[in-house]
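Accompanying notes for the structure given below.
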Amino acid sequence: MNIDKNARYNVSHEWARKDGDAVVTGISDHAQHALGDIVYVELPAVGKALKKGETFGVVESVKAASDMYMPMSGTVTAVNDALSADPALVNREPYAGGWMIKYTPSNPAEWDQLLDPAAYEAQAAKE
Amino acid sequence: MPFIANSDADRAAMLAAIGVKSAEELFLDVPAAKRYPELGLPKGISELEVLREVDAMAAKNVAANACAWFMGAGAYNHFIPALVPALATRGEFLSAYTPYQPEVSQGTLQAIFEYQSMAAALFGVDTVNASHYDGATALAEAVLMAYNHAGGAKKRVMIPAALHPEYKEVLKTYFTAFDVSFEEWSGEPKAAAAEADASVACFVTAYPDFEGRVADLSGVADAVHAAGALFIVHTDPIMLGLLKSPGELGADLVTAEGQALGNAMNYGGPFLGMMGATQKFVRKMPGRIVGQAADHEGRRGFVLTLSAREQHIRREKAVSNICSNQGLVMLMATIYLEALGKQGLKAVAKLCWDKAHYAAEVLGKVPGFAVAPGTFFKEFVLKTPLPAEEIAAKLARRCVVAGLPLSRYYPARTHELLVCVTEMNTKAQIELLASSLAEVTR
Amino acid sequence: MNMVPESLAYELSRPGRVGVALPASDVPETAVPTGLLRDELALPELDELTVVRHFTRLSQKNFSIDTQYYPLGSCTMKYNPKANDRAALNPNWSNCHPLVGDEFSQGALELMWRLQEGLKATGGFAGVSLQPAAGAQGELAGVLMIHNYHVARGDKKRTKMLIPDSAHGTNPATCTMVGMEVATIPSDAQGGVDMDALKAALDDTVAGIMITNPSTLGLFERNIEEIAKLVHAAGGLVYGDGANMNAIAGVVRPVDLGVDVMHYNLHKTFSTPHGGGGPGVGMVGAAPILVDFLPGPIAVKKGEKYASAMPPKSIGRLKAFYGNFAVLIRAYTYLRMLGGDGLRRMAENAVINANYLKVLVEKAYKVKYPRRCMHEFVAMGDVAEGVRTLDIAKRLIDYGYHPPTIYFPLIVPEALMIEPTETESKETLDAFAEVMLKIAEEAKTRPELLREAPHNTPVGRLDEVAAARCPILCYRG
C-alpha cells in the first residue's frame, strides 16, 4: 500500500497534509483499495465547522458505504468538485487528485495526535 | 401432507444420511420443556374445503361489483383491464424473488425501470423509486427525508388540514421518536406557504385534497423555497393524466397512492406508495431503485442500484429500514400505464372529471342537497339535509353506496358526504343515486 | 429463458395507439380550466397485443419458484400454492372497500380475526396485528412498542437497543427510525450470542434486545431462555425477528421462550407470493406485557359479530386502512390447509431437508458452524484460489439454479446461505448438491468458467460500478 510521507493519518484511514495554514484531507490508499470501485463521494458544504472525529462525508462503492471522519477540527474552505463527475479519482490518486476537503484547523495541536506515516503503515498492516 | 413431496421412505433415507433416527433429534437445541406445545389449532383441511370456507366469507361483504359505487376516500373503484391481472399473475412474475441476481431477473428489473420512467413523467420529476408500501407511508418517508435534509434542525412540518385523516395518523406514528410538530394549514396554499419560515422543514400539500378539491398551486413553491423549506406534493396518479404535474409546479418531492393504476381495492391493501424526487434528492430517497447498465458485451440490462443508501449496507445509518417494495402491485400499475398509455390515461381522467361534474350538477339539484364550492377532480363534498350516516346506511341496503359520511373521521361534520365518481359509474347510476337520495330524505 | 433483447415500452411506442378501449362518455362534457391542464404527458402508446407480448417475453427472462429451485437462505422460497391465489382473486374480495363500514364488511373482518387467532396460537401471543406491510414494518412496530412501553412507565433513559452482529440490516436501521442507538453484541465461536458480552452490555439504558431465532446463521439460539431472563432482569424487553419461523413453527412458541414481541414474514413462512419484491406482510404478535401497544386497527369479535378496534395504548397506525388484505387471504388459506399438525410437519421437513443438504454440500464446502442446523446453513465459497462466492453463485445459474444468498450474514466471509425449504423433493436436493460439488471441482481446474459465468442468460454480469457512478434511472428518449 502506498503511503504519503508528507501526511499524517487517522486510525480510520483518513490522511491530513499541511498546505500553508490550511489542511487537506482524503482517504488513504489502503482505504480506497478496501472499498473497491468508488461510485460516489458525499462532501460537506463549504463553511461547515466540524470537530475532530466528526463525520465530514461518506464514500460509497457498489456494495459498501463508509463514513469519513475529521482528523482535526476546522472549518471547511474548499471541497474537491472534480469528484462528483469522476469519483474514481479517489481510487487512482488517493493522495493527489482524489483529495476531498480543505479546511482551516481550529486547534493546530491536534496534528500531533495523528499517526505519522510509519505508525500508520504498521497499523494498517495489522488489518 | 400438502406441498411436501418427500415420502416417508425419502425421509428415512435422509435421516440416515444425516445420522439421526428421527426428526425429533434435530430439535434437541429447543428447550425440552417448551418443545411441541399443543397449539390448539384445527387439523388441516383440503383445498376444496378451504375455498368453500373462504368464498363464503367473501360473500358476506358489500362489494363494488354488486352496487352502484360512489365511495373513494383513498381507495378507488377504477377499471382494471383484463390483461393486467392476466399478465401480472404469470408464475414467472408472481413467484419470482427480489431481483438481487440481475442476470436472472431482467423481467422484473426492466418492468421496474419502465415503471420508474412512466411515474417520473407523470409526476414531472427526475426520479421515482420502485415503490413504497402505500401513499401514507410514502408521504411519511418523504417528510422524514425533508427532516433529515435539514439535519433535524427544523422541527416544524406544515401539513394540509384537508389531508386524509389516516395519513395524518401514519405521519404521527412515523415521527413518534422525533421532536417535530405537525401544523395544519387551511385556505389557499399560497397564503399558507407564505407563513413558512426557517424553522419549517417542509410544506406539504395534497393535490387533490381529501375533500376532492384541486387548488391553484402557482407561487407556492417559490414561497416555500424562500423560507428554506422543501415543497412536498401528495397527488392522484389518475388526475395527472389530465392536470399539470407537481414537478411543473415546483415540487421537490412527490408522493401518491397508486392503487388506482390497475389494482383492486382489496379491502385496503396491498396498495402502492409512489415516491419521486428531483435530481438533488436522488441519493437520499429510500427504497429500491433500478438503473440501466451494460454487460461486457455491451448488452443493455437493468440492475438494482444506489444500494449504498439501503439498510442492508448502511444498517443503522440507512435513510430508512425499508427492504421490500410492493413488487407485484407496482407491476400491475406498469402494465396498466402501458396499456392505457398517453391517450388512454387522459381519457380515463377526462371521464372521471366529466362524470363527477355531471353528478355534482344533478345531486346539487336534489332538494336539501348542495355541493361544497371549489374546483374538484373526481370527488366532492355533498351537504345533506339529514345526517349523512343515516342516508348512507339506507342507500347501502338498496345496493347504492353513496359515499363516505365525513362524520366517520370528523364527528361534528354530520351532514356531509364525500362522493366519488369515476369512469366506472354510468349516467343511469348517477341518476339512481340522485333519485335514491331524494326518496330517503323526502 | 428468453435470450432475445426486449425493447423498452417507450421504444415499442407508436403515436396514436391505445391498448384499452374505453366506453364513450354518457354524460355532457365539462370544460377543464385551461390553467390546470397539462401540456405534455410522456407515456408510451402501445396496442394491446404489443403489451401482452412485451410482458410475456419479459416474464420469460425471470427465474421464479414456479420454474427453478431457489435455495435463498433466510427468504424461505417455498412453493406458493395456487389455491391461495384462487381464494384471493374472488371478485367479492377484490371489490371490497375498506371504509364501507363494519356492518357491510363482516366477511373481511371475520377472515382477519380468524387469521389473527391462528397466528396467535402459533406464537403463544396474547394479541396480533396484521397491519404491517412488510417484515421491516413489523420491526418498526415492535421497536415502537418497546419504546412507547418504556415512555409510558416514565422511563426515558432507555434509548439503546442490543443487536447481535449477525442481524439483518433492517434491525439497526429500524432502531434509527425510532431514535434509538444500537449496541452490537458479538457472536461466540459456536455462532450464538456471546453471553459475556451481553451481560457487560446490560444496564438501565437498554430498552431491549432484537434477536433472530433461529439466527441468521441457521442455528437455534441455545441460550435463548437465559438471554430473555437477563434482559428482563435488566428491565429490557425482547424483540423476536421471526424471519426464520419456518424452522420452528409448530415446534416451539416464541413467547414460551421469553419473547415479548415478534414479527413474522407471512411472505416467507406462510407461502404468500414474493411477487418480484413484494407485497409482503409483517404480522406483529405480542406477549401480555405489550399487547395493548399493538398497531391498529385490528379485528375483534363481539358476540357473533366482528368489528375493528384500536388497542388501548396502540403505537398508532402504520399505514392507511387495515393492511395488505389480499395477502392475508392467502396466508389464511395456507394456514387452514396446513392446520396445527401441518405446521409442525412443515418445520420438520424444512429442517430435515437443510440438514440432509448440508451433509452433501459439506463434502466440498466448509460449513461455518458444523453442528446441527435448523432450516438453513451457511457454507463458505472459498474453495479455490482466485474464486469467490460471487463466482460460484453465477456459475450455479448456468446449471439452472437461482444462487443461494451470498455475503450475508456479514460475520461469515464468502458466505453462501442455503435454505432448501420443505417443498423441495429429495431428488432436487441431490441434483443441486451434485452441481455444487461439480462447481467446486471446476473452481480448481477451470476457474475461468466461474469467473465468466453466467454464460446463457439474456445479459452477463452487469457493470454495476458504472451504473452507480452515472445513474440512468429513467428512459430519456
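The values are calculated or read from the model by the stated rules, or taken from the named source; none is laboratory data. In this text the structure is predicted, and so the values were computed from the model without any measurement. Glycine gets a Cβ as well: all are built from the backbone with ideal geometry, and neighbour counts include every protein chain shown. What goes into the accessible areas is simple: the full protein's heavy atoms, side chains included, and nothing from ligands, DNA or RNA. Shrake-Rupley method; radii C 1.70, N 1.55, O 1.52, S 1.80 Å.
General remarks:
- Residues in chain B average 31 Å² of solvent-accessible surface per residue, probe 1.4 Å, ligands and nucleic acids excluded.
- Counting only other chain Cβ atoms within 10 Å of each residue's Cβ, the peptide B:174-186 averages 3.
- In terms of packing, defined here as the mean over residues of other Cβ atoms within 10 angstrom, the peptides A:109-115, A:4-10 line up highest first as A:4-10, A:109-115.
- Placing pseudo-labels 7 Å out from each Cα toward the beta carbon at B:GLU439 and C:THR34 gives an inter-label distance of 4.5 nm.
- Cross-link table C:LYS394/C:LYS438; B:LYS43/C:LYS268; B:LYS317/C:LYS358; C:LYS156/C:LYS319; A:LYS51/C:LYS157, entries beyond 24 Å C-alpha to C-alpha: B:LYS317/C:LYS358; C:LYS156/C:LYS319; A:LYS51/C:LYS157
- Threshold 50 Å² - residues in segment B:48-83 whose accessible area is reduced by that much or more when the chain is no longer isolated, probe 1.4 Å: B:VAL50, B:LEU51, B:GLU53, B:VAL54, B:ASP55, B:MET57, B:ALA58, B:LYS60, B:ASN61, B:VAL62, B:ASN65, B:LEU83
- Cα centroid separation - segment B:1-70 against segment C:254-296, whole Å: 17
- 3J(HN,Hα) along segment C:127-132: x, 9, 10, 9, 6, x Hz, from the Karplus curve 6.51 cos²θ - 1.76 cosθ + 1.60 with θ = phi - 60°, whole Hz, x for Gly and Pro.
- At a probe radius of 1.4 angstrom, the accessible area of chain A per residue rounds to 46 square angstrom.
- Taking the average, over residues, of other Cβ atoms within 10 Å as the packing measure, peptides C:59-71, B:103-115 rank B:103-115, C:59-71 from highest down.
- Projected over all directions and averaged, the alpha-carbon convex hull of chain A occupies 6.8 nm².
- Taking both sides together, the accessible area buried where C meets B is about 16500 Å² for a 1.4 Å probe.
- Candidate lysines - alpha carbon under 21 Å from B:LYS355, same-chain residues fewer than 8 apart omitted: B:LYS244, B:LYS342, B:LYS346, B:LYS365, B:LYS378, B:LYS383, B:LYS427
- For chain A, built as a Gaussian network whose Cα springs stay under 10 Å, the top-fluctuating residue of A:GLY98, A:GLY36, A:GLY74: A:GLY36
- Of every Cα-Cα pair in chain C, the percent that sits beyond 42 Å: 26
- Neighbourhood net charge (11 Å Cβ-Cβ; Lys/Arg +1, Asp/Glu -1) for C:CYS474: -1
- Those lysines that a straight Cα-Cα span of less than 18 Å connects to B:LYS34, excepting residues fewer than 8 apart in one chain: C:LYS120, C:LYS229
- A Cβ-based charge dipole, computed about the Cα centre of chain C with Lys and Arg at +1 and Asp and Glu at -1, lands at about 500 debye.
- No Cys partner within the rule (Cβ under 4.7 Å), chain B: B:CYS202, B:CYS323, B:CYS352, B:CYS420
- The string of couplings for segment C:151-163 from the Karplus curve (6.51, -1.76, 1.60, θ = phi - 60°) is 4, 5, 7, x, 9, 9, 7, 7, 10, 10, 10, 8, 9 Hz, one whole number per residue in order, with x for Gly and Pro.
- Residues of segment C:208-240 that bury at least 30 Å² of accessible area when the other protein chains are present, relative to the chain alone (probe 1.4 Å, heavy atoms, ligands and nucleic acids excluded): C:PHE220, C:ARG222, C:GLU225.
- Extension gain for C:ASP203 to C:GLU225 (0.36 nm times residue separation, less C-alpha to C-alpha distance): 6.1 nm.
- A simple spin-label model places pseudo-atoms 7 Å from Cα toward Cβ; at A:GLU127 and A:LYS18 they are separated by 2.6 nm.
- Our note on the geometry: Cα centres of segment B:220-247 and segment C:388-454, 48 Å apart.
- Dividing the summed -39500 (n - 2.57) terms of all DSSP H runs of n ≥ 4 by the residue count of chain C sets its mean residue ellipticity at 222 nm at -11000 deg cm²/dmol.
- Long-range amide H partners of B:VAL371 with built H, under 5 Å: B:LYS383
- Applying 1/(1 + (r/R0)^6) with r as the Cβ-Cβ distance of C:ALA24 and B:SER181 and R0 = 56 angstrom yields a FRET efficiency of 0.65.
- Taken residue by residue and averaged, Cβ atoms of other chains lying within 10 Å of the Cβ of C:80-92 number 5.
- Only protein atoms count toward the accessible area here, which uses a 1.4 Å probe; on segment B:16-66, the carbon and sulfur part of that area reaches 55 percent.
- Segment A:8-107, accessible surface, carbon-and-sulfur percent (1.4 angstrom probe): 50
- Test item: Cα-centred dipole of segment B:9-112, Lys/Arg +1 and Asp/Glu -1 on Cβ, debye: 200
- Karplus 3J(HN,Hα) series, Hz, for segment A:88-95 with 6.51 cos²θ - 1.76 cosθ + 1.60 (x for Gly, Pro): 5, 4, 5, 6, 6, 9, x, 9
- Modelled spin-label separation between A:GLU93 and B:GLU390, with each label point placed 7 Å from Cα along the Cα-to-Cβ direction: 8.2 nm.
- Loop GluC sites (Glu not before Pro), segment A:1-87, which have at most 14 other Cβ atoms in a 10 Å radius of their Cβ (DSSP): A:GLU54
- For segment C:144-229, the list of trypsin sites (Lys or Arg not before Pro) that fall in a loop by DSSP and count at most 15 other C-beta atoms within 10 angstrom reads C:ARG153, C:LYS156, C:LYS157.
- Positive dipole terminus of the protein assembly as shown, leading residue within B:ILE238, B:GLY72, B:GLN101 (C-beta point charges): B:GLY72
- Unit Cα scatterers, Debye sum, segment C:432-477: log10 I(q)/I(0) for q = 0.15, 0.21, 0.25 Å⁻¹: -0.60, -0.82, -0.95
- The angle between the Cα long axis of helix B:106-123 and the longest principal axis of the Cα atoms of chain B comes to about 20 degrees, rounded to the nearest 10.
- DSSP loop GluC sites (Glu not before Pro) with at most 14 other Cβ within 10 Å: longest gap in chain C: C:41-303
- A Förster distance of 35 Å, applied to the separation of the beta-carbon atoms of C:GLU181 and A:THR75, puts the FRET efficiency at 0.80.
- Here B:LYS350 is the anchor, and the aspartates and glutamates within straight C-alpha reach of less than 14 Å, apart from those fewer than 8 places off in the same chain, are B:ASP236, B:GLU379, B:GLU423, C:ASP26, C:GLU29.
- For A:VAL39, the amide hydrogen comes within under 5 Å of the amide hydrogens of A:GLU60, A:SER61, A:VAL62, counting only partners 5 or more places away or on other chains and with H modelled in the peptide plane.
- Kirkwood Rh in Å, taken over all unlike Cα pairs in the protein assembly as shown: 29.9
- C-alpha center-to-center spacing [segment B:72-148, segment C:76-123] in angstrom: 23
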